[in-house]
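Working notes for the structure below.
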Amino acid sequence: MAAADVEYKCFVGGLAWATSDQSLGDAFSKYGEVVDTKIINDRETGRLRGFGFVTFREGQSLRSAIEGMNSQSLDGRNITVNEAQSCNGGGGRRRRSSPESQLNHHDEMV
């Protein structure tokens, strides 16, 4: 991964329903330049899921935000802030395979 591709992203959990991308960015901008915010919605219902992500331009801003905002109140709720884990591939729920496909897979291995 090239230096330009490095993301300094934190996970923010425990968000209030009233929190918006704008208010999330405003709250974290005192720690450095925020390049993106994303509050996650449920795909099926469209309702907020209570967590989101904030991406900073620099690593020091990320570290300062984690230290300064973790366990603090935002829109009336105490939030959890930590470094986001990198994710390879798509998210979402995994579908369980059927017993038949497991048998077929087993037969292919034998």
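The values are calculated or read from the model by the stated rules, or taken from the named source; none is laboratory data. Computed from a prediction, not measured in an experiment: that's the story for all the values here. Because the Cβ atoms are built from the backbone with ideal geometry, glycine has one as well, and the counts that use them run over all protein chains shown. Areas reflect the complete protein model, heavy atoms only, side chains present, ligands, DNA and RNA absent. Shrake-Rupley method; radii C 1.70, N 1.55, O 1.52, S 1.80 Å.
Computed from backbone phi with θ = phi - 60° and the Karplus coefficients 6.51, -1.76 and 1.60, the 3J(HN,Hα) list for the range 45-57 is 9, x, 6, 5, 9, x, 8, x, 9, 10, 10, 9, 6 Hz; x is used for glycine and proline.
How far apart, in nanometres, would the label points at Glu7 and Asp21 be if each is projected 7 angstrom from Cα along the Cα-to-Cβ direction? Result: 1.4 nm between the two label points.
A full extension of the chain between Gln85 and Gln60 corresponds to an added length of 7.3 nm, given 0.36 nm per residue minus the alpha carbon distance.
Once ligands and nucleic acids are excluded and a 1.4 Å probe is used, how much of Asp42 is accessible, expressed in Å² to the nearest 10? Ignoring ligands and nucleic acids, Asp42 comes out at about 40 Å².
Counting charges near Phe28 (Lys, Arg +1; Asp, Glu -1) among other residues having Cβ under 14 Å from its Cβ returns a value of -3.
Here the 3J(HN,Hα) profile of the range 14-22, calculated from phi with Karplus coefficients 6.51, -1.76 and 1.60 at θ = phi - 60°, is x, 5, 6, 4, 7, 5, 10, 4, 5 Hz, Gly and Pro shown as x. Against the criterion of solvent-accessible heavy-atom surface with a 1.4 angstrom probe, Val12, Val34 sort, most first, into Val34, Val12.
Within the range 1-79, report the trypsin sites (Lys or Arg not before Pro) that DSSP leaves as loop and that have at most 16 other Cβ atoms within 10 Å. Display every interim value, and only then the final one.
Values: sites: Lys9, Lys30, Lys38, Arg43, Arg47, Arg49, Arg57, Arg63, Arg77; in loops: Arg43, Arg47, Arg57.
Within the range 1-79, the qualifying trypsin sites (Lys or Arg not before Pro) (loop, at most 16 other Cβ atoms within 10 Å) are Arg43, Arg47, Arg57.
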